[in-house]
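Enquirer: Pasting a structure below so you can have a look.
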Amino acid sequence: MLKKMTLTTTKRDEMTDITAEVQRLIDEAGVEEGTALVYCPHTTAGITINENADPDVKRDMLRRFDEGYPWNHTMDLHEEGNTAAHMKASTVGSSQHVIIDKGTLVLGTWQGVYFCEFDGPRERQFFVKLMKG
């Protein structure tokens, strides 16, 4: 099963927890054992798994991304001016695989699945491919 999901981001840089949405798709599909592939088709956004208990982690990560990839760099040539967003998305990656066991995503105690926006605000899509087995 492949499902296209849409979300609207509200800031240039933000991390949106999509764990519950992915789990809802698993529940609706009745997948008990298998994997979920979560994929982002955008070059300035990505998918990651990270802590979802302390909101300071998201804030710290976004701040550190900005420190590592400053938005304005005198040597950037890309005329859209969003080279930093491309760098951040490449660092995070475009997809994550998560194991499904007994109908539930297998994540650590503090983990969640995040859609990472680096060039917002925008309307964005991500795909979830559920594979039984």
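The values are calculated or read from the model by the stated rules, or taken from the named source; none is laboratory data. These numbers come from a predicted model, not from an experiment. Methodologically, a virtual Cβ is constructed for each residue, glycine included, from the backbone with ideal geometry; neighbour enumeration extends over all protein chains shown.
Enquirer: Between Q111, Q96, which is out of contact with any His (no Cβ under 6 Å at 6 or more places or on another chain), without any contact (Cβ under 8 Å) to a residue 60 or more places away in the chain and surrounded by fewer than 20 Cβ atoms within 10 Å (Cβ to Cβ)? It would help to see each step written out before you state the result.
Expert: Numbers: Q111 fails: without any contact (Cβ under 8 Å) to a residue 60 or more places away in the chain.
When all the criteria are applied, what remains is Q96.
Enquirer: Could you list, in sequence order, the residues of the range 72-89 that are without any contact (Cβ under 8 Å) to a residue 40 or more places away in the chain and not in a loop (DSSP other than H, G, I, E, B)? Working first, answer last.
Expert: First, pick out the residues of the range 72-89 that are without any contact (Cβ under 8 Å) to a residue 40 or more places away in the chain: 72-84, 87.
Passing the criteria: T83, A84, M87.
Enquirer: With respect to D66, is the statement that it is free of Cβ contacts under 8 Å to residues at least 40 places away in the same chain and assigned to a helix (DSSP H, G or I) true?
Expert: Working: free of Cβ contacts under 8 Å to residues at least 40 places away in the same chain: no; assigned to a helix (DSSP H, G or I): yes.
No; evaluated as a whole, the condition is false for this residue.
Enquirer: Could we say that D119 is among the acidic types (D, E), farther than 29 Å from K3 by Cα and out of contact with any Gly (no Cβ under 9 Å at 6 or more places or on another chain) here? Reasoning before the result, please.
Expert: Numbers: among the acidic types (D, E): yes; farther than 29 Å from K3 by Cα: no; out of contact with any Gly (no Cβ under 9 Å at 6 or more places or on another chain): yes.
Answer is no for this residue.
Enquirer: Moving on. Which residues, taken from the range 46-71, are out of contact with any Gly (no Cβ under 8 Å at 6 or more places or on another chain) and of a type in the set (S, T, N, Q)?
Expert: none
Enquirer: Kindly check whether there is at least one residue in the range 98-110 that is modelled with pLDDT of 95 or more, part of a strand (DSSP E or B), basic (K, R) and within 30 Å of E33 (Cβ to Cβ).
Expert: no
Enquirer: Moving on to the next point. Mind listing just one residue for me: the one in the range 21-43 that is under 22 Å from P55 (Cβ atoms) and within 13 Å of the chain's Cα centre (by Cα) and, of those, surrounded by the most Cβ atoms within 10 Å (Cβ to Cβ)?
Expert: My answer is V38.
Enquirer: Among the residues of the range 25-58, count how many are in a loop (DSSP other than H, G, I, E, B), of a type in the set (G, A, S) and closer than 22 Å to G133 by Cβ.
Expert: Applying the first criterion (in a loop (DSSP other than H, G, I, E, B)) to the range 25-58 yields 30-32, 40-44, 52-54.
Going one step further and asking which of them are of a type in the set (G, A, S), we end up with 30, 53.
Next, from what is left, pick out any that are closer than 22 Å to G133 by Cβ: 30.
Residues in the range 25-58 being in a loop (DSSP other than H, G, I, E, B), of a type in the set (G, A, S) and closer than 22 Å to G133 by Cβ: 1 in total.
Enquirer: Now a separate question. May I ask you to say which residue of R24, R64 is modelled with pLDDT of 95 or more, of a type in the set (K, R) and over 21 Å from P121 (Cα atoms)? Steps first, please.
Expert: Numbers: R64 fails: over 21 Å from P121 (Cα atoms).
Answer to the selection: R24.
Enquirer: Then there's this: Taking only pairs six or more apart or across chains, which ones have beta-carbon atoms under 7 Å, a first residue in the range 3-32 that is touching a residue at least 12 places away in the same chain (Cβ under 8 Å), and a second residue that is among the basic types (K, R) and in a loop (DSSP other than H, G, I, E, B)?
Expert: T9/R122; E32/K102
Enquirer: Assess whether N50 counts as being surrounded by fewer than 18 Cβ atoms within 10 Å (Cβ to Cβ) and either of a type in the set (K, R) or touching a residue at least 12 places away in the same chain (Cβ under 8 Å) (or both).
Expert: Numbers: surrounded by fewer than 18 Cβ atoms within 10 Å (Cβ to Cβ): yes; either of a type in the set (K, R) or touching a residue at least 12 places away in the same chain (Cβ under 8 Å) (or both): yes.
It is true that N50 is surrounded by fewer than 18 Cβ atoms within 10 Å (Cβ to Cβ) and either of a type in the set (K, R) or touching a residue at least 12 places away in the same chain (Cβ under 8 Å) (or both).
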